[in-house]
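As C-alpha cells, the structure follows; a few thoughts come after it.
Bear in mind that the values in this text are calculations on the coordinates, not laboratory data. Note that the structure is predicted; figures quoted are calculated from it, not measured. So basically every Cβ, Gly included, is an ideal-geometry build from the backbone, and we count neighbours across all protein chains shown.
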Amino acid sequence: MMIQQQIEEKLQQAFEPDHLEVENESHKHRTERGAESHFRVVLVSDQFEGLRLLARHRAINTILAQELAGPVHALALHTMTPAEWQAKGEQALRSPACR
C-alpha cells in the first residue's frame with residue numbers, strides 16, 4: 001500500500017473528518033522520483049473542537065507515528081473545526097516552498 005493511502009485511511013478512521021486532503025509534496029523537495037516523504041494534510045473534524053493547534057497536531061502525529069518513524073520526513077498540517085473551515089472560506093493554506 002502506498003504511504004499516501006495509508007495516511008488517508010488512518011486519518012479517516014481516527015478523525016471521521018468533514019474534509020480531508022492528503023497531498024504528496026515530495027516532488028517540491030530534493031527527493032527521488034516517486035518519493036513519498038513530504039505531505040500536506042488538510043483535516044477538518046469535530047474532534048478538534050476545544051483543542052489548541054499543538055494538541056491537534058500531536059493527535060495526528062500519534063496516529064501517524066509509524067509513518068513518521070519511517071518514510072515520512074515532513075507533514076504540513078492544517079487542522080480545523082468545521083466552523084473554522086467555513087470561516088476561512090474553505091481555502092486551506094499552502095505549504096511554503098522548500099529552500
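With a Förster radius of 22 Å applied to the beta-carbon distance between Q66 and L20, the computed FRET efficiency rounds to 0.75. Cα convex hull, the stretch 39-92: 68 Å³ per residue, rounded to a whole number.
In the stretch 29-70, the inverse of the mean reciprocal separation of distinct Cα atoms equals 12.3 Å; this is its Kirkwood hydrodynamic radius.
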